[in-house]
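Just below is one structure, and these are the notes that go with it.
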Amino acid sequence: MATKSSPEIIRDGLWTNNPALVQVLGLCPLLAVTSTVVNAIGLGLATLMVLMGSNLAVSLIRNFVADSVRLPAFVMIIASFVTCAELLMQAYTYELYQILGIFIPLIVTNCAILGRADAFASKNPPLPALLDGTMMGIGFLVVLFALGAMREFIGQGTLFTDMDLLFGPMAADWGFHPLEQYPDVLFMVLPPGAFVGLGLLIALKNGIDNHVKARRKAAEPIVAGSKRVRVTGHVS
């Protein structure tokens, strides 16, 4: 299998094949925890760590694992890195870990992680596999952040509240409250708001892609005589 170039891997992870906006994977945690920015970043960083570690490990053992036990082996690797992420959060961001709750161990079942391990890491050398995991993780983190920021701002009129749960006391004053008398929009904080927000992000990406495609098509030179003209009726 031909390895993709680094620019292609970066572009795939961040935009062309984004796990949340294109592959539409990992929606359960994506929709569940993005009521605030700090929750979104916390889960996004944990997922990024697991993606990087599991992709690298899977690539390193790819020639030593039989096809019959391939998927169970990948799941065990992913579970090991999820356990590491869980223990780190318990040690350094315990309150945030309690807020995220079951969604941290459920990273093991995230189809985006298992999908990259099976589709890319198991077929490519370690460095491209590590880059793929990094870019896919960053792409997922960016969508988590965007959706969390949208829901927090529209739902509560705030941004970056409680960031000290993730970054410690230095982030206690990062909260942004632009509107003093803001009426909370409960809809955006609840699960239906997550679906609407994600739909808007997907629509925005598709709109940008269509606009870029139309501009490229308009910039293509028109070669005379390259198209046939269809006629109807009898030709005498």
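The values are calculated or read from the model by the stated rules, or taken from the named source; none is laboratory data. Everything quoted here is computed from the prediction, not taken from an experiment. Here Cβ is always computed from backbone atoms with ideal geometry, including for glycine, and neighbour counts include all displayed protein chains. These area figures cover heavy atoms from the full protein model, side chains too; ligands, DNA and RNA do not enter into them. Shrake-Rupley method; radii C 1.70, N 1.55, O 1.52, S 1.80 Å.
Is it the case that some residue within the range 51-61 is more than 13 Å from the chain's Cα centre (by Cα), assigned to a loop (DSSP other than H, G, I, E, B) and either among the β-branched types (Val, Ile, Thr) or at negative phi (or both)? Looking through the range 51-61, at least one residue is more than 13 Å from the chain's Cα centre (by Cα), assigned to a loop (DSSP other than H, G, I, E, B) and either among the β-branched types (Val, Ile, Thr) or at negative phi (or both).
Kindly establish whether residue 82 is assigned to a loop (DSSP other than H, G, I, E, B) and either open to solvent by less than 70 Å² (accessible area, probe 1.4 Å) or not β-branched (Val, Ile, Thr) (or both). Against the criterion (assigned to a loop (DSSP other than H, G, I, E, B) and either open to solvent by less than 70 Å² (accessible area, probe 1.4 Å) or not β-branched (Val, Ile, Thr) (or both)), residue 82 does not qualify. Could you give every pair whose Cβ atoms fall below 6 Å, whose first residue belongs to the range 122-149 and is in a helix (DSSP H, G or I), and whose second residue is of a type in the set (Val, Ile, Thr) and open to solvent by 40 Å² or more (accessible area, probe 1.4 Å), counting only separations of at least 6 or pairs across chains? Once the first residue is in a helix (DSSP H, G or I) and sits in the range 122-149, its partners that are of a type in the set (Val, Ile, Thr) and open to solvent by 40 Å² or more (accessible area, probe 1.4 Å) give 128/3; 135/10. Residue pairs whose Cβ atoms lie under 7 Å apart, sitting 6 or more positions apart in sequence or on different chains, and linking a residue in the range 175-198 that is open to solvent by 70 Å² or more (accessible area, probe 1.4 Å) to a partner that is of a type in the set (A, V, I, L, M, F, W, C) and outside any helix (DSSP H, G or I), are 176/159; 176/160.
Here's the yes/no breakdown for (1) over 30 Å from residue 8 (Cβ atoms); (2) surrounded by 15 or more Cβ atoms within 10 Å (Cβ to Cβ); (3) touching a Ser or Thr at 6+ places or on another chain (Cβ under 6 Å):
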| position | (1), (2), (3) |
| --- | --- |
| 99 | yes, yes, no |
| 104 | yes, yes, no |
| 109 | no, yes, no |
| 126 | no, yes, yes |
| 138 | no, yes, no |
| 143 | no, yes, no |
| 148 | no, yes, yes |
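Would you check if residue 204 is of a type in the set (A, V, I, L, M), farther than 21 Å from residue 33 by Cα and at pLDDT below 90? In short, no. Scanning the range 1-29 for residues that are under 20 Å from residue 208 (Cβ atoms), in a helix (DSSP H, G or I) and either open to solvent by less than 50 Å² (accessible area, probe 1.4 Å) or in contact with a His (Cβ under 9 Å, 6 or more places away or on another chain) (or both) gives 12, 13. Based on what the data block shows, is residue 69 among the aliphatic types (A, V, I, L, M), out of contact with any Asp or Glu (no Cβ under 6 Å at 6 or more places or on another chain) and free of Cβ contacts under 8 Å to residues at least 12 places away in the same chain? The answer is yes for residue 69. Take the conditions (1) surrounded by fewer than 15 Cβ atoms within 10 Å (Cβ to Cβ); (2) touching a helix residue (DSSP H, G or I) at 6+ places or on another chain (Cβ under 8 Å); residue 87 misses just one of them, which is (2).
Go through the range 154-174 and count every residue that is closer than 9 Å to residue 38 by Cα, of a type in the set (Asp, Glu) and either in contact with a strand residue (DSSP E or B) (Cβ under 6 Å, 6 or more places away or on another chain) or free of Cβ contacts under 8 Å to residues at least 40 places away in the same chain (or both). Selection size over the range 154-174: 1.
Each residue in the range 150-174 was checked for being open to solvent by 60 Å² or more (accessible area, probe 1.4 Å), charged (D, E, K, R) and either touching a helix residue (DSSP H, G or I) at 6+ places or on another chain (Cβ under 6 Å) or assigned to a helix (DSSP H, G or I) (or both), and 2 pass. Taken over the range 178-193, the residue count meeting the criterion of being within 27 Å of the chain's Cα centre (by Cα) and under 19 Å from residue 163 (Cα atoms) is 1.
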